[in-house]
1. Among the listed residues VAL52, VAL150, VAL95, which satisfies the condition of being in contact (Cβ under 8 Å) with a residue 12 or more places away in the chain and under 24 Å from ALA24 (Cα atoms)?
2. Could you name every one of the helices (runs of 4 or more DSSP H) located completely within segment 125-191 that has at least 2 residues being in the same structural domain as SER108 (by TED's automatic domain parsing) and basic (Lys, Arg)?
3. Just the residues that are surrounded by 15 or more Cβ atoms within 10 Å (Cβ to Cβ) and farther than 18 Å from HIS44 by Cα, please, taken from segment 68-78.
4. Could you check segment 87-124 and list, in sequence order, the residues that are exposed (fewer than 15 other Cβ atoms within 10 Å of the Cβ) and part of a helix (DSSP H, G or I)?
5. With the condition kept exactly as written, say whether any residue in segment 53-67 is loosely packed, with under 15 Cβ neighbours inside 10 Å and farther than 28 Å from PHE21 by Cβ.
Amino acid sequence: MRQPALFFGHGSPMNALGGPFADAWRALGEEIGKPKGVVMVSAHWETRGLGVTAQKQPETIHDFGGFPPELHAMQYPAPGSPSLANRVAELTGAVQTTQWGLDHGTWSVLAHVWPDADVPVVQLSLDRTIDARAHYELAKRLRPLREEGVIVAGSGDFVHNLRTWKRAGGEPYDWAVDFNEAVKRAFTAGDHDALIDWVHLAELLAAALAVAQGIGCGLVKAQRRRRRRVLLAGQFDHCRRDGDGDEHDSAEAGQHLAVHGNAPSGGYLPVLNIWALPGW
């Protein structure tokens, strides 16, 4: 039976203790049943080159701090699978290792998807030496596993900017809402390129926001100088110099987004978010 490719936005580690996210994960587990195994890619394990866990019994890693004792005490004793690790290594060239286990990006979710901890799990790392496009192409090599009864899954979030998080609550930032909506549009449309090129997507949104608010490049320049970035963008290419050396707004970029609800591609993205897209 062909298994799905999944992505879990795992959010706070506190979701491991229960709540609406945990409830949704448990419902998903009941819907899809139990596969032969799971290859899980967590946003919390990066290596130089690829690694895959190969031990028979991976440890539960509590790779966080400052949370309640009951969270630190949680264990997820799912078995590993040396044979599945070997298969992943064959497909991807990953190095098999016993120096990692199941980090919270994996166990905080799977503890609800399969609470009996009876589905074999291996983790595949992110390779910090390659870019998003290369990760996307790498993910395609895992396709045969789905025909072999194995679920391929990713766990993380699209962004993780705790510096701007409104811990006391309140309305979300306009730019955060706009970026979230743009990502959802690209995701549901199966626009892989726009998601891989998420920096450019963010830049276009920054341009659209600046044009809509009539603030233009002056604010963008000031934010550059203060090392504050709108969204996640580094370079704001919509503010460019003309032949006279004057800076001006590229309203076309902002209007493209506003009118068409999508954005041209160009940029960088952790590939995990792409695996559940239509067409993969």
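The values are calculated or read from the model by the stated rules, or taken from the named source; none is laboratory data. On a predicted model such as this, the values are computed, not experimentally measured, just so you know. All Cβ positions, glycine included, derive from the backbone under ideal geometry; neighbour counts span all protein chains shown.
1. Numbers: VAL52 fails: under 24 Å from ALA24 (Cα atoms); VAL95 fails: under 24 Å from ALA24 (Cα atoms).
Step by step, each of VAL52, VAL150, VAL95 is checked, and only VAL150 is in contact (Cβ under 8 Å) with a residue 12 or more places away in the chain and under 24 Å from ALA24 (Cα atoms).
2. 132-140, 143-147
3. ALA78, the sole residue that qualifies.
4. The answer is GLU90, and nothing else.
5. yes
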